[in-house]
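Step one of this worksheet: look at the structure below.
The values are calculated or read from the model by the stated rules, or taken from the named source; none is laboratory data. This structure is a prediction, so every number in the text was calculated from the model and none was measured. Here the Cβ positions follow ideal geometry from the backbone for every residue, glycine too, while neighbour counts run over all protein chains shown. Heavy atoms of the whole protein, side chains included, go into the accessibility calculation; ligands, DNA and RNA do not. Shrake-Rupley method; radii C 1.70, N 1.55, O 1.52, S 1.80 Å.
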Amino acid sequence: MGQRNLVVISSPELAKEVLHTQGVEFGSRTRNVVFDIFTGKGQDMVFTVYGEHWRKMRRIMTVPFFTNKVVQQYRHGWEDEAASVVEDVKKNPEAATNGIVLRRRLQLMMYNNMYRIMFDRRFESEDDPLFVKLKALNGERSRLAQSFEYNYGDFIPILRPFLRGYLKLCKEVKEIRLQLFRDHFLEERKKLASTKRTDNNALKCAIDHILDAQRKGEINEDNVLYIVENINVAGKIVGFFSSLLPLDLKISAEPKVNLVKGQN
């Protein structure tokens, strides 16, 4: 029916050979027909072919995301988001009686942490219309990418014509998501950037660094969009782990609020 060749590395010596010595040859991440749609055939960072483009994307992403300066710049914002969770729990009358399900509020906190770094933006509540739409689209993207409904097309190429409807849906979801990123985040940030200085000292959030790289011709607009796509997926994965909390897990405001923030 179909096959896939796999090699299991089971010794430290071979692991070093594959991951370090021959890292260039083995560094690329395997894609499939669905991930090709959602990443523009590797125009992002996560699924791009390991090589010059990946190194360029890594360099662009390091400064706004992966330095100690970024941690220090945003730590107070992260602490504020955690404090907001505590305050929302304390203000909710259900928390003092029946208890509340904390999972959805934690997901909002994670999105706000991510979007403060990326766009200097946050969502006011779980009912924020843009947050609701974004969360739904990210969830649909993850469902389509991780579904078993299309895997047979990778193993048995002759059956790929039966995936047309599924792939059409993937393309539609991709276009809607990218348009949302473009309209509600990228264009608004570009307008704001046009009213202030564009030197390094004026760069305020991650997307400013990324747009600056685009202006210099290092990457194109599609690369920018797929970087945003990657960051959203990363946030969705973190949100996924919050969803692993038992559905009936509840917390009461007094005195267990310290489970959210405090000595515990």
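Below is a table of values for the structure above.
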{"quantity": "Using θ = phi - 60° and Karplus 6.51 cos²θ - 1.76 cosθ + 1.60, couplings along region 54-64 (whole Hz; Gly, Pro as x)", "calculated": "4, 5, 5, 5, 4, 4, 5, 7, 5, 4, x"}
{"quantity": "Value of relative contact order over region 141-231, rounded to a whole percent, pairs C-alpha under 8 Å and six or more apart", "calculated": "21 percent"}
{"quantity": "Tensor-based shape of region 60-137 (alpha-carbon gyration tensor, a/c under 1.5 rounded, otherwise prolate or oblate)", "calculated": "oblate"}
{"quantity": "Candidate residues MET109, MET61: accessible-area rank, largest first, probe 1.4 Å", "calculated": "MET109, MET61"}
{"quantity": "Size of charge dipole - region 64-247 - debye, nearest 20, with Cβ of Lys, Arg +1 and Asp, Glu -1, no other charges", "calculated": "220 debye"}
{"quantity": "Solvent-accessible surface ranking, highest first, for GLU52, GLU17 at 1.4 angstrom", "calculated": "GLU52, GLU17"}
{"quantity": "Area of THR30 that stays accessible when all protein chains are in place (1.4 Å probe, Å², to 10)", "calculated": "110 Å²"}
{"quantity": "Relative contact order of region 64-247, pairs being alpha-carbon contacts under 8 Å that are 6 or more residues apart, as %", "calculated": "28 percent"}
{"quantity": "Rounded to whole Å, sorted largest first: equivalent-ellipsoid semi-axes of region 16-92, Cα gyration tensor", "calculated": "36, 18, 13"}
